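The structure appears below as structure tokens.
The values are calculated or read from the model by the stated rules, or taken from the named source; none is laboratory data. Note that the coordinates shown come from a computational prediction; the quantities given were computed from them, not determined experimentally. We place every Cβ from the backbone using ideal geometry, glycine too, and count neighbours over all the protein chains shown. Areas reflect the complete protein model, heavy atoms only, side chains present, ligands, DNA and RNA absent. Shrake-Rupley method; radii C 1.70, N 1.55, O 1.52, S 1.80 Å.
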Amino acid sequence: MDFNITADEERVLFHVASRLEASPQVLESEIEEADRPKFRSLIKKGWLVGLSAEDGSLYTETLTPLAQTALSNRRDAR
């Protein structure tokens, strides 16, 4: 897991985390187009569990356990 994320990636991470509280999954197509590279980067860095749909699009159903802990710590710091 790469703990070095940008402020924009952190913003997308908080957005995805809040969406996951209300929905069982977040599709890449539901993310603003400008933020999709950050979404993919968070998957690559190990913050999100990335899954591929049959059409090749990406989605996530959860944060990784380490990301859940790190996100909790970041929320506490805010």
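Remarks
- Among (1) in contact with a helix residue (DSSP H, G or I) (Cβ under 7 Å, 6 or more places away or on another chain); (2) open to solvent by 30 Å² or more (accessible area, probe 1.4 Å); (3) in contact (Cβ under 8 Å) with a residue 40 or more places away in the chain, the one test that Lys38 misses: (3)
- Residue count for region 52-78, restricted to those that are surrounded by 14 or more Cβ atoms within 10 Å (Cβ to Cβ) and over 12 Å from Glu10 (Cα atoms): 6
- In region 1-23, residue nearest to Leu42 (Cα to Cα) [restricted to those that are touching a residue at least 40 places away in the same chain (Cβ under 8 Å) and touching a strand residue (DSSP E or B) at 6+ places or on another chain (Cβ under 9 Å)]: Leu13
- Matching residues in region 20-34 - criterion: being surrounded by fewer than 11 Cβ atoms within 10 Å (Cβ to Cβ), of a type in the set (Asp, Glu) and assigned to a helix (DSSP H, G or I): Glu21, Glu33
Table: residues versus (1) hydrophobic (A, V, I, L, M, F, W, C); (2) at pLDDT below 95; (3) in a loop (DSSP other than H, G, I, E, B).
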position: Arg36; (1), (2), (3): no, no, no
position: Arg40; (1), (2), (3): no, no, no
position: Val49; (1), (2), (3): yes, no, no
position: Gly56; (1), (2), (3): no, yes, yes
position: Tyr59; (1), (2), (3): no, no, no
position: Gln68; (1), (2), (3): no, yes, no
position: Ser72; (1), (2), (3): no, yes, no
position: Arg75; (1), (2), (3): no, yes, no
